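Novice: Before I ask anything, here is the structure I am working with.
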Protein chains: 6
Amino acid sequence: MKVTVSRKAHFNAAHRLYRKDWSDEKNQTIFGKCSNPHFHGHNYELVVHVTGIINPDTGYVIDMKILKDLIKEEVEDKMDHKNLNEEVPEFYDKIPTAENMVIVIYEALKPHMNPEHELAVTLYETPRNFVSYSG
Amino acid sequence: MKVTVSRKAHFNAAHRLYRKDWSDEKNQTIFGKCSNPHFHGHNYELVVHVTGIINPDTGYVIDMKILKDLIKEEVEDKMDHKNLNEEVPEFYDKIPTAENMVIVIYEALKPHMNPEHELAVTLYETPRNFVSYSG
Amino acid sequence: MKVTVSRKAHFNAAHRLYRKDWSDEKNQTIFGKCSNPHFHGHNYELVVHVTGIINPDTGYVIDMKILKDLIKEEVEDKMDHKNLNEEVPEFYDKIPTAENMVIVIYEALKPHMNPEHELAVTLYETPRNFVSYSG
Amino acid sequence: MKVTVSRKAHFNAAHRLYRKDWSDEKNQTIFGKCSNPHFHGHNYELVVHVTGIINPDTGYVIDMKILKDLIKEEVEDKMDHKNLNEEVPEFYDKIPTAENMVIVIYEALKPHMNPEHELAVTLYETPRNFVSYSG
Amino acid sequence: MKVTVSRKAHFNAAHRLYRKDWSDEKNQTIFGKCSNPHFHGHNYELVVHVTGIINPDTGYVIDMKILKDLIKEEVEDKMDHKNLNEEVPEFYDKIPTAENMVIVIYEALKPHMNPEHELAVTLYETPRNFVSYSG
Amino acid sequence: MKVTVSRKAHFNAAHRLYRKDWSDEKNQTIFGKCSNPHFHGHNYELVVHVTGIINPDTGYVIDMKILKDLIKEEVEDKMDHKNLNEEVPEFYDKIPTAENMVIVIYEALKPHMNPEHELAVTLYETPRNFVSYSG
């Protein structure tokens, strides 16, 4: 009897979609206004889903307080109010698209999870665009 | 060709997370302010998902009016404006965490469903915390 | 490493649930006020989910601009501000329930997708009623 | 010490923006796709605001149950699942724009209100378009 | 040139609508299921609005961090995860309706505000019921 | 009989709160992580409110299509996917706080409005922080 527990969090950041090995023209063609060299930004809404068996002692799959603190330490403290391209090492050589971000967030959380728990992550870049990843 | 039909509902209730066989100190350590002996409460948002084949006569998997009435009878009438610990028998001996609640709701609805339909339930305890269960 | 990319869109339309081969009484019994011969309408919220491998050149599964334009051409241009029963050929002989609509939308989008991508569609008829289909 | 009490409600309806005394061309020029002769429709979200002094016996400005029932009788029962142009007499000779609708709703509710209460009405035609009127 | 700055916060609590000087029957007649002696509860969404002139040095009317901390100290710490009737002294002799609550919250915040700032408070008891007060 | 018509729009941008004439330490003290020299960003939700008399010919206060296009030209085209400090001239010498932004947006729209119409603007910097200005 597995239950999925989900927690929403929020952070905001600046980013730019471009490749250093492409010309400005090619970056503009592929990424459009998202490649603006002066950066733009988003309010990211994050949902972390943890699936596992309920602990019969507590009625919890995972204590939401622990999950909330883990998201703060592993995601918010590293990305909130940051420039993803310039200040988050995972994106020094990787384009900070929502797709790449959701995998980076998953990989940051996974080592801290109970190995018997399944992890999935959903990331809203805007209210109309979002991505999901489950390993 | 299976389609999932989903219906949102709403109820509010008081609850307290604690175990009678634990001391107040242990309850406070494990459940924090959620173990407040005077109770606290939530507006619960419930989403019930029913998956099945479309009835070619009506174009429905299930008539939403029937699903709405079933949720009212089996969930809202039993839990809305109630104290879960004191007034809902399923929680006399079970901690009313969101995880335990979503299973209780699933078990209340399941016997009334078409056996060819798959059932899943999502329960929001707050806008930032939610749980899902599908049997 | 598959990621799901999702895009929300919006259209509004009039419709009526009824079968030409049923009497008005039977339509009223089965579909209630949804069979009103003068039509009623909804703001439909559509979410299109595309699952695939990230293109290492761009960091995209699919360019959101391309997905947005595809939804506009294949769904919004055909259904927005339309009477589904009278103006959308797929519903000349099919009841425009949300269930039938989500399949019609899936079938309209599918031929334009990369065959290696999985497609799923969610359609909100009202904020409390929605349906999902993934082929 | 005046407090404003607000209640949200929901209905859906079909409509068409056009004037009988204008040509189809002129209607198309002024109202665009909103003048589609086959109608289109919306999920309308309604918020009714009542401002007055708190009754010291009950702690209420107005009992929300009474306000909810009044909205049902005077607005939902008349407009929900209806064609505004064809079935709601106020719009036989008045274009059912959101602006005209919010005044019609205000005028329907006002005679039933305590004369010492101030009334205001907000009507969402879509999540992005809404109107407000306070007499 | 006055600007209004608004901050949303969240807390949840249990309450019961009843008067000690009324019989159970009268409480039931007036307050219905809201008078349940075992209490029920809500997720309250709070919006605090502060209107004033922009400080030309900072571009702020009020530092949002300061407003957020003030709401935490004066409202969340006193009401979150509490039983309003039993644990919040302002409601020992006052019915905790949303109307009375919004005034109590206003009065708790007002003494801490810059006297040149205007204060208004909106409180959502459920997604469909809310109240506002501005002194 | 004045009605207020409101239109929501959306843009995203990068910004940084700081004063060139202050030291990094002072900027950090006053603006905290919002003064990050590498910028951060937001999805801004904008609501433009126009109050006026209904045109009896059309039933409109203002054609929403015209209002939508005006917001696009005067706000979205200038700010969407931009760095406010570096690319929007109004903020070369003014801190792009939400308060200053809402006034800049009001001033950009006002000259294009019917002088008999009243204008108000609400700007959400995050789902929990927003500002309003009406001249």
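Novice: Measuring nothing but label to label, 7 Å from Cα along Cα→Cβ, what are residue C:73's distances to the other copies in nm, shortest first?
Specialist: Here residue C:73 shows inter-copy label distances of 2.9, 5.0, 5.0, 5.5, 6.0 nm.
Novice: Per residue of the stretch C:73-88, what does 6.51 cos²θ - 1.76 cosθ + 1.60 with θ = phi - 60° give for ³J(HN,Hα)? Whole Hz please, x for Gly and Pro, Karplus curve as stated.
Specialist: 5, 8, 10, 4, 4, 8, 10, 5, 6, 10, 9, 4, 5, 9, 10, 10
Novice: On the full set of protein chains, 1.4 Å probe, figure out the accessible area of residue B:69 and give it in Å² to the nearest 10.
Specialist: Result for residue B:69: roughly 60 Å² accessible.
Novice: Next question. Tell me, rounded to the nearest percent, the portion of alpha carbon pairs in the stretch E:28-94 spaced more than 19 Å apart.
Specialist: It works out to 53 percent of all Cα pairs.
Novice: What size of dipole, in debye to the nearest 20, comes out for the protein assembly as shown about its Cα centre when the only charges are +1 on Lys and Arg C-beta atoms and -1 on Asp and Glu C-beta atoms?
Specialist: 0
Novice: Is it possible to state the helix-based mean residue ellipticity at 222 nm for chain C, with each DSSP H run of 4+ residues giving -39500 (n - 2.57), the sum divided by total residues, to the nearest 500 deg cm²/dmol? What is it?
Specialist: My calculation for chain C gives -6500 deg cm²/dmol from helical runs alone.
Novice: Right, next: Using only protein heavy atoms and a 1.4 Å probe, report how much of residue D:39 is accessible, in Å² to the nearest 10.
Specialist: 30
Novice: For label points placed 7 Å from Cα toward Cβ, what is the shortest-first list of nm distances from residue A:93 to its copies?
Specialist: 4.6, 6.0, 6.0, 7.2, 7.7
Novice: To the nearest 0.05, how large is the calculated FRET efficiency for residue E:63 and residue A:69 if R₀ is 25 Å and r is the Cβ-Cβ distance?
Specialist: 0.45
Novice: Nearest to the axis that maps chain F onto chain C: list the chain F residue whose Cβ wins, with the distance in whole angstrom.
Specialist: F:10, 6
Novice: On to the next question. Determine ³J(HN,Hα), in whole Hz, for all residues of the stretch B:3-9 in sequence, where each value follows from phi through the Karplus function 6.51 cos²θ - 1.76 cosθ + 1.60 and θ = phi - 60°; x replaces Gly and Pro.
Specialist: 3J(HN,Hα) across the stretch B:3-9, in whole Hz: 10, 9, 10, 10, 10, 8, 9.
Novice: Still on this structure, please answer the following. What FRET efficiency, computed as 1/(1 + (r/R0)^6) with R0 = 41 Å and r the Cβ-Cβ distance, is obtained for residue A:86 and residue D:22, rounded to the nearest 0.05?
Specialist: Efficiency, rounded to the nearest 0.05: 0.10.
Novice: Lysine pairs in chain B with alpha-carbon atoms under 15 Å apart, 8 or more places apart or on different chains: how many are there?
Specialist: Total qualifying Lys-Lys pairs in chain B comes to 8.
Novice: Here's something else I'd like to know. Assign one of three labels to the protein assembly as shown, namely rounded, prolate or oblate, based on the Cα gyration tensor with a ≥ b ≥ c the square roots of its eigenvalues; rounded applies when a/c is under 1.5, prolate when it is not and a/b is larger than b/c, and oblate otherwise.
Specialist: Rounded shape, in that the Cα axes give a/c under 1.5.
Novice: Need the C-alpha centroid separation for the stretch A:10-61 versus the stretch E:1-39, integer Å.
Specialist: 41
Novice: For C:50-57, what's the mean count of beta carbons from other chains sitting within 10 Å of each residue's beta carbon?
Specialist: Counting other chains' Cβ atoms within 10 Å and averaging over C:50-57 gives 3.
Novice: Continuing with the same structure: Under 8 Å for C-alpha pairs, at least 6 residues apart: give me the relative contact order for the stretch C:24-135, rounded to a whole percent.
Specialist: Over the stretch C:24-135, the number comes to 31 percent.
Novice: Would you mind giving the mean number of other chain beta-carbons within 10 Å of the Cβ of each residue in C:64-75, as a whole number?
Specialist: The per-residue average across the peptide is 1.
Novice: Would you mind giving the mean number of other chain beta-carbons within 10 Å of the Cβ of each residue in B:95-102, as a whole number?
Specialist: That works out to 6 on average.
Novice: Give me a comma-separated list of calculated 3J(HN,Hα) values for the stretch A:37-48, in order, Karplus coefficients 6.51, -1.76, 1.60 applied at θ = phi - 60°, integers in Hz, x for any Gly or Pro.
Specialist: Calculated HN-Hα couplings, in order: x, 8, 6, 9, x, 9, 8, 8, 9, 10, 10, 10 Hz.
Novice: For residue E:116, place a label point 7 Å from Cα along the Cα-to-Cβ direction in every copy; what are the distances to the other copies, in nm, shortest first?
Specialist: 3.8, 3.8, 6.2, 6.4, 7.3
The values are calculated or read from the model by the stated rules, or taken from the named source; none is laboratory data. This structure is a prediction, so every number in the text was calculated from the model and none was measured. Glycine also receives a Cβ, built like all others from the backbone with ideal geometry; neighbour counts cover every protein chain displayed. Quick note on the areas: whole protein, heavy atoms, side chains included, nothing else; ligands and nucleic acids left out. Shrake-Rupley method; radii C 1.70, N 1.55, O 1.52, S 1.80 Å.
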